[in-house]
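Computed from the coordinates by the stated procedures, all read-outs in this text should not be read as laboratory data. Please read all numbers here as calculations on a predicted model, not as lab measurements. All Cβ positions, glycine included, derive from the backbone under ideal geometry; neighbour counts span all protein chains shown.
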Amino acid sequence: MIQNSSASQNNAVMKWLYFFAFVVAFLVVFGGFVRLTRSGLSIVEWNPISGAMPPSGEQGWQDEFAKYQETPEYKEINSGMTLEGYKFIFYMEWFHRNIARLAGLVYALPVFYFLFKKIIPLKEFGVYFLMGMLFISQAFAGWIMVASGLVDRPAVSHFNLTIHLLLALTLFGLALWTAFGHKYGFLNPAKKAKWSLPSKLSLGAFFILIIQLTYGGFTAGLKAGHVSDTWPLMLGKLIPPNLFAAWINIFESPQTIVFIHRWFAWLGIIIVPVVYYIVKKQNYPADIQNGLKWLIGVVALQITLGVLTILSYVNIVIALLHQANAIVLVGLAVYFIHRFRALDEKQITAK
């Protein structure tokens, strides 16, 4: 959502939005840790208020454990788990949910304060209201995701997991976009600035990133990263047979999904240097040129971490670094789109 250039800029609101974006990013990464430790299905009820406290006393823990013992995950995977083992995965998911509660407070308390003090004028509240709705939506999507793994199989739906992830990243990106508006000035759609080539390419790169993140979500949900621990070969071949034998494979087959996720990322390592070449040739500001150098490095690091995740058979630390770096890429993509569009508008003003 793009606000009018006359929108109020405020340093305190900008700092709040940066911090809120950081909390959302941490929540996403910790969610990855919960998933990798198979802790996400340990709490079988969604109690937004009463669930803020863990069970009390031995009987409370036994009751909670008994609920978990009725789930497919316990019956098919963790049937030998002790109460102490259960407490570990319970606390991981409990901590995850409490970070989400904290994120809700980090959003709600400041936004109502700024609104009450008229630091954020009521007429400009739309984008902040949208953030609140996104936060609530991804919370509901999170419970729907968990519920999908409590019925007849010991795993969540990879579609629900991906929706939960993309809603959180949308919230993260919108918070950053609005923060950049407070820092650099809000864009004005009324100017109808022509999209420059760097702007178009940065938007194209952003869509490539979204597709890659979507397939990353599919890969995580299906545990497709465990399909093969070799690279560049997969299952002994560069292109395994029957990957695209049916169109549904691109949404359901772990082998096809992880193959796409492995190789689609390389478009990023091609397009970002092209953008850098163009902005250098057209003598864009030094901070843009230097920023793109860093972006090339971040993209290269992401691919390296992806390969290491494969070779390590999804080592938790490497996998989490891979996920965290993906969030950095989202932030940088939002930054460059914002900056390039601002420069497009500046070209109109200069004429």
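So here's what we get for this one:
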{"item": "Estimated FRET transfer efficiency (GLU76, LEU130; beta-carbon r; R0 35 Å; 0.05)", "result": "0.30"}
{"item": "Rg ratio (alpha-carbon, reference 2.2 N^0.38 Å) - region 1-190", "result": "1.21"}
{"item": "Calculated from backbone phi, Karplus (6.51, -1.76, 1.60) coupling profile of region 231-248 in Hz, x at Gly/Pro", "result": "8, x, 6, 10, 6, x, 9, 5, 10, x, x, 6, 4, 10, 5, 9, 5, 5"}
{"item": "Size of electric dipole in region 192-351: Cβ of Lys, Arg +1 and of Asp, Glu -1, about Cα centre, debye, nearest 20", "result": "640"}
{"item": "Size of electric dipole in region 34-167: Cβ of Lys, Arg +1 and of Asp, Glu -1, about Cα centre, debye, nearest 20", "result": "660"}
{"item": "Signed unit charges on C-beta, dipole axis of the chain, positive-most listed residue ILE303, ALA319, PHE180", "result": "PHE180"}
{"item": "Exposure proxy order (Cβ contacts within 10 Å, fewest to most) of GLU345, GLU124, GLU58", "result": "GLU58, GLU124, GLU345"}
{"item": "Sparse-neighbour loop sites [trypsin sites (Lys or Arg not before Pro); region 99-161; at most 13 other C-beta within 10 Å; DSSP]", "result": "LYS117, LYS118"}
{"item": "Stretchable slack from ALA324 to PHE207, in nm (0.36 nm times residue separation minus alpha-carbon distance)", "result": "40.3 nm"}
{"item": "log10 of Debye I(q)/I(0), alpha-carbon scatterers only, for region 192-351 at 0.11, 0.16, 0.20 Å⁻¹", "result": "-0.51, -0.89, -1.19"}
{"item": "Region 246-304: chymotrypsin sites (Phe, Trp or Tyr not before Pro) in DSSP loop, at most 15 other beta carbons within 10 Å", "result": "TRP247"}
{"item": "With Cα atoms, 0 to 90° folded angle of helix 57-68 axis to the chain main axis", "result": "80"}
{"item": "Between region 219-246 and region 271-296, the alpha-carbon center distance in angstrom", "result": "34"}
{"item": "Spin-label model distance (nm) - ILE239 vs LEU122, 7 Å beyond Cα toward Cβ", "result": "6.1"}
{"item": "Linear extension gain, ILE271 paired with GLU252, 0.36 nm per residue minus alpha-carbon span", "result": "4.0 nm"}
{"item": "Cα coordinate range in region 243-322, projected on the principal axes (Å, largest first)", "result": "47, 32, 14"}
